[in-house]
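Peer 1: Sharing a structure, written as structure tokens. Questions coming.
The values are calculated or read from the model by the stated rules, or taken from the named source; none is laboratory data. Computed from a prediction, not measured in an experiment: that's the story for all the values here. As a convention, Cβ positions derive from the backbone with ideal geometry for all residues, glycine included, and neighbour counts pool all protein chains shown. The accessibility values were calculated without ligands, DNA or RNA, using every heavy atom of the protein model including side chains. Shrake-Rupley method; radii C 1.70, N 1.55, O 1.52, S 1.80 Å.
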Amino acid sequence: MKRIVAGIVAHVDAGKTTLSEALLYRTGEIRKLGRVDHGDAFLDTNTLEKARGITIFAHQALVEHGQLALTLLDTPGHVDFAAETERVLTVLDYAILVVSGTDGVQGHTETLWRLLARYHVPTFIFVNKCDAAGFDRDAVLRQLRKRLSDAVVPLPSMDVRQHDGKSASAATVEFGDMVEDIATLDEQAMDEYLDMGSVTLGRVRQMIADRELFPVYFGSALKLDGVDDLLDGMETYTQEPHWPEGFQAKVFKIAHDGQRNRLTWLRVTGGCLKAKEIVSGNDPDGTAMQHAADETQWHEKIDQVRVYNGARFETVTELPAGAVCAVTGLTRTFPGAGLGSELDAGAPALQPVLTYTVLPAGAGATEAKESASPVNNGGSASDGDRSSGSGADDGEDDVPQVPAVRPTFDDLTLHKVLTALRELEDEDPLLHVVWVSRLEEIHIQLMGAVQLEIIQQTLAERFGLHVDFGAGSILYRETITAPIEGVGHFEPLRHYAEAHILLEPGEPGSGVTVSSAVSENDLDRNWQRLILTHLTEREHLGVLIGAPLTDIRMTLVAGKAHLKHTEGGDFRQATYRAIRQGLMEAHAGVTGHPSTPVEERPDTSKPGNCRVLEPWYRFTLEVPSAMIGRAMSDIQRMSGTFDTPADDGEYATVTGSAPVSEMRDYAMEVSQYTHGHGRFSATFGGYRPCHDENLVIRDAHYDPESDLDNTPDSVFCAHGAGYPVKWYKVPEFAHVDYAQ
């Protein structure tokens, strides 16, 4: 029996869950076909999914067809829940990409295709709704080859059950007139074609596994047309991976069952998983400390091993490599974590770009806009604040503004809301729940409005908490453009620590990376390890608008401890202050390190070597050809860029990039001016320098020296008492010379 794990992915409403139902029905797993719109789909088990008729969470089902044992993972199709889909892609052997036969390749379809390529997932394509009026098989096939890949090919059916494994691989595939086109896709396939005039099944399987060939099937999942062909094709053209003997596993999801048990969903990628077994993994903050990776591992025991099939599950004692299951007992896992010898996954490609303030129930959208602070945890200004600042003196600035009263939670409710949100953040780390003490606000990061509604309903139904949300604002980031060595000193009475952190610009999209360049002869290894932990244990804020830092390298280059007085918390203070002191020097335009002495406070009225970054969308815009001029004008007005439009005479397609702050509501505008004939889709395209940096800085009203939780100043000791030293005077008082 060949064991395969396949995920079904699609643009919303393409028929993905309907195809899952059809596969389960045709293989005898269910006796009645469920419908998404009827709320009785086998895999949409959550009450919110049944109520809304959409898939929100990934679900597992088991299918057997001939010699194929298939584990199906149904994924969300809505773009707001694309992060859940991306996490599932990391554990797939194959993917089934569902494309609507009437709508063709849509914007989110191309996003999924890029993600499948990023994670190198072999892909079968199922064109659904082929029974609809106006369906044109040849036109859809041309579009698939144009928008996705030239290697999208309908494959012939074969009966491989009469062969054993070796003879089946040696059997030839009857491609007919297509054989030469297939052979050109792979060098070894071309050799077989030149030798035998055909291509073997083994070579075709390998081409699919290497993403050199993408089988496509046509049908209607609702009417069960083409479903058997897809099952036969997966039985014929897939191959089971080879797994290592030692235990390892990859976590792709965290959830909680009805009894609030924490479930860790994982794919066993080596060896055997047993109940009551002790497994190990890396702390998220410890992965950056390669020299001390062995000391950052945790060890926990697995209680139950559950194999789910829809809402039902079976408890087993052990599972072989290749299996998917949910386990209880693990408390330190996270999506993307590697267990055993499996490495942790990298940062996801899809990132939220909006941040919302959590407000008490009844605050309302209007009150939320009025009461929302212009600065959030990402240092961003709300759209209302941004648009109102024209910079012109029209006489209205002299009218005193009465600040709105911000709705607040009582202490007990605040604790309950934070606890509930932390549990949801455990399931989806991209929520990034933050308590901003200086504003006394809770902030969360989300992908869009639909996800916001789901969070609101989940808090009400699962935790009995009713909340509202303030107006969404853009999630900015900060970085630097030149290296600077920051100094932090913490020496109140009977405490001592000094740290020098070199801050350097990183590659775009690299996030924050840390390392040490200090000899253990100069600073003990345990202190170095502690400093590196402090560099990664929290988001460090920039000094322009208080936004989190990104695309920056932090290197420990010098430090000093005291044999008697240094404690662990001392280096936390010294490290935090060193980062902020360096950022303030960069804000003043200093490169490398400042010259001493400094007689007066440096000028920080300009950004200096600090920069504000903003999220950009990568978009695809399809409009009637007659409206292409309006579309290009809009993109230029929004400070965006675009490639040369493609025009087929009826519709023109524009692809490009633009700031999220300018384009976030553009989809509704497109629908209006094209009278519903235009289509707009956008995905996160990374962070770039802010196009209106001065306006963002002005509206943020952020004073880095007044942010006592992130102070750039240091503390020194004299005459038996500690005293503060301003950031620009710290180099004169430092006990260790600059390393650079």
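Peer 1: Put +1 on the Cβ of each Lys and Arg and -1 on the Cβ of each Asp and Glu in the chain; which of GLY722, GLY134, LEU613 then has its Cα farthest toward the positive end of the dipole?
Peer 2: Checking the options against the dipole of the chain, the answer is GLY722.
Peer 1: Considering Cα pairs under 8 angstrom that are at least six residues apart, work out the relative contact order of the chain and quote it in whole percent.
Peer 2: Reported as a whole number, the value is 10 percent.
Peer 1: Oh, and also: Around ALA460, under 13 Å between beta carbons, what's the net of Lys plus Arg minus Asp minus Glu among the other residues?
Peer 2: Taking every Cβ under 13 Å from that of ALA460, the sum is -1.
Peer 1: Something else about it: For GLU507 and LEU224, what does the FRET efficiency come to when R0 = 56 Å and r is the distance between their Cβ atoms, rounded to the nearest 0.05?
Peer 2: With a Förster radius of 56 Å, E is 0.65.
Peer 1: Label-point separation (nm) for THR413 and SER671, each offset 7 Å from Cα along Cα-to-Cβ?
Peer 2: Result for the modelled spin labels: 3.3 nm.
Peer 1: For the stretch 110-203, what is the relative contact order in percent, using Cα pairs closer than 8 Å and at least 6 residues apart in sequence?
Peer 2: Dividing the mean separation by the residue count of the stretch 110-203 yields 21 percent.
Peer 1: Using a 7 Å offset from Cα along Cα-Cβ at ARG114, what residues in the stretch 630-673 end up with backbone N under 19 Å from the label point?
Peer 2: 635-636, 639-646, 653-667
Peer 1: With every protein chain present, what is the per residue accessible area of the chain (1.4 Å probe, Å²)?
Peer 2: 43 Å²
Peer 1: Still on this structure, please answer the following. Roughly how many nanometres apart are two label points built 7 Å out from the Cα toward the Cβ at ARG260 and GLN297?
Peer 2: 3.3 nm
Peer 1: How large is the dipole of the stretch 585-740 about the Cα centre if only Lys and Arg carry +1 and Asp and Glu carry -1, each at its Cβ, rounded to the nearest 20 debye?
Peer 2: Numbers: 12 positive and 24 negative charges, 26 e Å.
About 120 debye.
Peer 1: Given a Förster distance of 51 angstrom, what is the FRET efficiency for GLU174 paired with ARG31, based on the Cβ-Cβ distance and rounded to 0.05?
Peer 2: Approximately 0.90, to the nearest 0.05.
Peer 1: Related question: Express the C-alpha Rg of the stretch 2-237 as a ratio against the empirical globular expectation 2.2 N^0.38 Å, rounded to two decimals.
Peer 2: The stretch 2-237 yields a ratio of 0.99.
Peer 1: Let me ask another. What part of the accessible area of the chain, given as a whole %, is carbon or sulfur when the probe is 1.4 angstrom?
Peer 2: 48 percent
Peer 1: For MET196 and HIS735 in one chain, what is 0.36 nm times their gap in residues minus the Cα-Cα distance, to one decimal in nm?
Peer 2: Stretched fully, the MET196-HIS735 segment lengthens by 186.3 nm.
Peer 1: Would you mind calculating the gained length between PHE463 and SER706 on full extension (0.36 nm times residue separation, minus the Cα-Cα distance), in nm to one decimal?
Peer 2: In short, 83.8 nm is gained.
Peer 1: Considering only C-alpha atoms, what is the centroid distance from the stretch 415-481 to the stretch 584-657, in Å?
Peer 2: That distance is 27 Å.
Peer 1: May I ask you to derive the relative contact order of the stretch 411-471, considering only C-alpha pairs under 8 Å and at least 6 residues apart, and to give it as an integer percent?
Peer 2: 22 percent
Peer 1: If a/c stays under 1.5 just call it rounded; otherwise compare a/b with b/c (prolate if a/b is bigger, oblate if not). Do that for the stretch 411-471, with a ≥ b ≥ c from the square roots of the Cα gyration tensor eigenvalues.
Peer 2: Rounded is the answer for the stretch 411-471, as its axis ratio a/c remains below 1.5.
Peer 1: Do the sum for the chain: with -39,500 (n - 2.57) for every DSSP H run of n ≥ 4, divided by all residues, what is the mean residue ellipticity at 222 nm, to the nearest 500 deg cm²/dmol? Don't jump to the answer; show the numbers that get you there.
Peer 2: Values: 21 runs with 201 residues, N = 740.
About -8000 deg cm²/dmol.
Peer 1: Right, another one. What does the extension gain come out to for ASP524 and PHE334, with contour length at 0.36 nm per residue minus their alpha carbon separation?
Peer 2: 65.3 nm
Peer 1: Which residue, LEU116, ILE278, ALA95, has the largest displacement toward the positive end of the dipole of the chain when charges sit on each Cβ (Lys, Arg +1; Asp, Glu -1)?
Peer 2: ILE278
Peer 1: For the chain, give the magnitude of the charge dipole about the Cα centre (Cβ charges: +1 Lys/Arg, -1 Asp/Glu; no others), in debye to the nearest 20.
Peer 2: Dipole size: approximately 1400 debye.
Peer 1: Would you mind working out the magnitude of the charge dipole of the stretch 411-471 relative to its Cα centre, with +1 at each Lys and Arg C-beta and -1 at each Asp and Glu C-beta, to the nearest 20 Debye?
Peer 2: 100 debye
Peer 1: Same structure again: Pairs LYS560/LYS726; LYS16/LYS274; LYS250/LYS416: which exceed 28 Å Cα-Cα? Intermediate values should be presented prior to the final figure.
Peer 2: On the way: LYS560/LYS726 20 Å; LYS16/LYS274 33 Å; LYS250/LYS416 32 Å.
In this structure, LYS16/LYS274; LYS250/LYS416 exceed 28 Å between Cα atoms.
Peer 1: Here is a follow-up. Which FRET efficiency value, to the nearest 0.05, do you get for HIS565 and SER515 by plugging their Cβ-Cβ distance into 1/(1 + (r/R0)^6) with R0 = 35 Å? Mind dumping the intermediate values first?
Peer 2: Details: r = 27 Å, r/R0 = 0.78.
Step by step, r from the Cβ atoms, then E = 0.80.
Peer 1: Which of PHE680, LEU695, TYR666 sits farthest toward the positive end of the charge dipole of the stretch 612-698, with +1 on the Cβ of Lys and Arg and -1 on the Cβ of Asp and Glu?
Peer 2: Projecting each Cα onto the dipole axis, the largest value belongs to LEU695.
Peer 1: Taking DSSP loops as anything outside H, G, I, E and B, show the longest stretch in the chain free of trypsin sites (Lys or Arg not before Pro) there with at most 16 other beta carbons within 10 Å.
Peer 2: 565-725
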